[in-house]
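A.B. asks: Before I ask anything, here is the structure I am working with.
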Amino acid sequence: MSNLPPLVEPAAELTVEEVRRYSRHLIIPDVGMDGQKRLKNAKVLCVGAGGLGSPTLLYLAAAGVGTLGIVEFDVVDESNLQRQVIHGQSDIGRSKAESARDSIKEINPLVQVNLHEERLDSTNVMELFAQYDLIVDGTDNFATRYLVNDACVLLNKPYVWGSIYRFDGQASVFWSEYGPCYRCLYPEPPPPGMVPSCAEGGVLGVLCASIGSIQVTEAIKLLTGIGEPLVGRLMIYDALEMTYRQVKVRKDPDCAICGDHPTVTELIDYEAFCGAISEEAADAAMDSTITVTQLKEWLDTDEKIQLIDVREPNEYEIVNIPGSTLIPKGEFLMGGALEKLDPTKRIVLHCKSGVRSAEALAVVHAAGYKDAVHVGGGVLAWVNQIEPEKPTY
Amino acid sequence: MSITVRIPTILRTYTDGKAEVSVAGGTLAEVIDQLETDHTGIRARVLDDDGKLRRFVNVYVNDDDVRFAEGLGTAVPENGNVSIIPAVAGG
């Protein structure tokens, strides 16, 4: 993909203060006064002020993007600070949107910051996106990503996308007018439970900067019309190998939303499309979920139970429930776990928050252990209610 | 053993942490069969129960998405490379 026309018209002028501030941009011939004026006039919306949103917002602000919108409803948690560098220690418990705004204002008070402290969904996304030139995605789940994609296609907005997991990152620019969209790359989301989130699998903090910096670079290029945009290409970063590779992303003529015969012509129900939990797991958990209080009672009265922790070894090491045996969920899905079950005891499964244990419970029920149960809220609920002196993650 | 297969982090539990493994040539289907022989369990992460490529995992032969070529029938040339790229949503 060669140059695209600049996305934004230039502002009328830069003030003396702005010329001083942005001088290192202004003396790059490709950016110059013209490019900086375009950035000044630009309105960029960042969905999420978390891992990817942190570096993205900070650098967009420093670069002089005139208006930055932030969609974020969460509050800052201590476990965010390992990577979400827009927030600080004193922000714990504060609204992420407000904390992000304060950091932006400290870096560049000339930026107009709009806070949208709401959960992005089908009812508000169109009105929100319509106010901006370009959308940067820093969300952490498939449902929101498909929602953002579809809204961007319907409104013909460029969608600067990035995604991270452990040591791997991916980035691309989706813009159906000029190339493929997210659905062209990944037509369907994985079934729930198949792909772990960062909360389950972890993420190297600095990976956010590696991928966020690609997103900001692409945003600036699109806004000012310089360089070759990452449209129709997927950048794949491997931090362990320290490699960047790219593969072609083709526009899919059969794409459900931007193909020749689209079947998605308006926003759909994205929670249902992606599913928070599989149907089998939901069925298994119904009437077979106990509370941590019940579990404590069973443990205290020596009830004949086998308590199994289905998380990963690293998670077990951080915190565990006394008396639990570790058998990761994968072993249930592959079948190897079943022979480790004690048929003389009632099986009680738990994980971090209750999603993975529900998936494993479906397997255990299917194997004939009909009275097996899982613990709602998992080890997080256990620490919260039973052993508050233990750490959470 | 002349084809290189790139394994994403999320599937390296099957390859003892190796980021790259080598297999002999053939079609993509044959490459995946060999992967399964050497690293049991990996096939089910790439193919569904009907043996089709999963829609949230992209497989590239020499940087071209096989969905736009011959799918599992795509020939992998000598010294070619195969990349498995699963969808991730972390942010």
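The values are calculated or read from the model by the stated rules, or taken from the named source; none is laboratory data. Predicted model, so just to flag it, every value in this text is computed and none were measured. FYI the Cβ positions are ideal-geometry reconstructions off the backbone, even for glycines, and counts take in every protein chain you see. The protein model used for the area step is the full one, side chains on, heavy atoms only, and it has no ligands, DNA or RNA in it. Shrake-Rupley method; radii C 1.70, N 1.55, O 1.52, S 1.80 Å.
A.B. asks: Quick check on residue A:108: is it away from every other protein chain (no Cβ under 14 Å), open to solvent by less than 40 Å² (accessible area, probe 1.4 Å), closer than 26 Å to residue A:17 by Cα and touching a residue at least 12 places away in the same chain (Cβ under 8 Å)?
C.D. replies: When the stated conditions are applied, residue A:108 passes them.
A.B. asks: Follow-up question, since we're still on this one. Sort through A:319, A:375, A:292, A:364 and tell me the only one that's farther than 30 Å from residue A:120 by Cβ, in contact with a Pro (Cβ under 6 Å, 6 or more places away or on another chain) and not polar (S, T, N, Q).
C.D. replies: Of the residues listed, the single one that is farther than 30 Å from residue A:120 by Cβ, in contact with a Pro (Cβ under 6 Å, 6 or more places away or on another chain) and not polar (S, T, N, Q) is A:319.
A.B. asks: When residues of region A:238-277 are filtered for being over 28 Å from residue A:156 (Cβ atoms) and assigned to a strand (DSSP E or B), how many remain?
C.D. replies: Adding up the residues that qualify gives 4.
A.B. asks: Give the residues of region B:49-72 that are without any contact (Cβ under 8 Å) to a residue 12 or more places away in the chain, crowded, with 18+ Cβ neighbours inside 10 Å and facing another protein chain (nearest Cβ under 7 Å), sorted by residue number.
C.D. replies: B:65
A.B. asks: Give the residues of region A:119-143 that are open to solvent by less than 50 Å² (accessible area, probe 1.4 Å), within 14 Å of another protein chain (Cβ to nearest Cβ) and not polar (S, T, N, Q), sorted by residue number.
C.D. replies: The answer is A:120, A:135, A:136, A:137, A:138, A:142, A:143.
A.B. asks: Is it the case that region A:184-191 has a residue that's more than 27 Å from residue B:53 (Cα to Cα), more than 13 Å from the chain's Cα centre (by Cα) and surrounded by fewer than 19 Cβ atoms within 10 Å (Cβ to Cβ)?
C.D. replies: No, that holds for no residue.
A.B. asks: Hey, another quick one. Can you name the number of the only condition in (1) within 14 Å of chain B (Cβ to nearest Cβ); (2) open to solvent by 50 Å² or more (accessible area, probe 1.4 Å) that residue A:52 fails?
C.D. replies: Of (1) within 14 Å of chain B (Cβ to nearest Cβ); (2) open to solvent by 50 Å² or more (accessible area, probe 1.4 Å), only one is false for residue A:52: (2).
A.B. asks: Still on this structure, I have one more. Whether any residue in region A:152-161 is hydroxyl-bearing (Ser, Thr, Tyr), in a strand (DSSP E or B), more than 10 Å from chain B (Cβ to nearest Cβ) and closer than 23 Å to residue A:213 by Cα is what I want to check.
C.D. replies: Yes, region A:152-161 has at least one match.
A.B. asks: The conditions are (1) open to solvent by 20 Å² or more (accessible area, probe 1.4 Å); (2) at pLDDT below 95, and residue A:217 fails exactly one of them. Which is it?
C.D. replies: Answer for residue A:217: the failing condition is (2).
A.B. asks: Looking at region B:1-21, which of the residues that are more than 10 Å from chain A (Cβ to nearest Cβ) and in contact with a strand residue (DSSP E or B) (Cβ under 6 Å, 6 or more places away or on another chain) is farthest from residue A:203 (Cα to Cα)?
C.D. replies: It comes out as B:1.
A.B. asks: Within region A:164-174, is there a residue that is of a type outside the set (Lys, Arg), open to solvent by 30 Å² or more (accessible area, probe 1.4 Å), closer than 18 Å to residue A:45 by Cβ and within 14 Å of another protein chain (Cβ to nearest Cβ)?
C.D. replies: no
A.B. asks: Here is a further query. β-branched (Val, Ile, Thr), surrounded by fewer than 23 Cβ atoms within 10 Å (Cβ to Cβ) and modelled with pLDDT of 95 or more: does that describe residue A:85?
C.D. replies: Yes: the conditions hold for residue A:85.
A.B. asks: Then there's this: Scan region A:45-79 residue by residue and report those that are within 18 Å of the chain's Cα centre (by Cα) and of a type in the set (Val, Ile, Thr).
C.D. replies: A:47, A:56, A:70, A:71, A:75, A:76 - these are the residues of region A:45-79 that are within 18 Å of the chain's Cα centre (by Cα) and of a type in the set (Val, Ile, Thr).
A.B. asks: Please find, among A:349, A:361, A:380, the residue that is touching a His at 6+ places or on another chain (Cβ under 8 Å) and either in a helix (DSSP H, G or I) or farther than 17 Å from residue A:282 by Cα (or both).
C.D. replies: A:361
A.B. asks: Among (1) open to solvent by less than 50 Å² (accessible area, probe 1.4 Å); (2) farther than 29 Å from residue B:12 by Cα, there is one condition residue A:356 misses while meeting the rest; what is its number?
C.D. replies: (2)
A.B. asks: Every residue in region B:73-91 that is outside any strand (DSSP E or B) and surrounded by 19 or more Cβ atoms within 10 Å (Cβ to Cβ), please.
C.D. replies: B:74, B:87, B:88, B:89, B:90, B:91
A.B. asks: Would you check if there is a residue in region A:231-253 being in contact with a Pro (Cβ under 8 Å, 6 or more places away or on another chain), under 27 Å from residue B:9 (Cβ atoms), among the charged types (D, E, K, R) and open to solvent by less than 40 Å² (accessible area, probe 1.4 Å)?
C.D. replies: Yes, because at least one residue in region A:231-253 is in contact with a Pro (Cβ under 8 Å, 6 or more places away or on another chain), under 27 Å from residue B:9 (Cβ atoms), among the charged types (D, E, K, R) and open to solvent by less than 40 Å² (accessible area, probe 1.4 Å).
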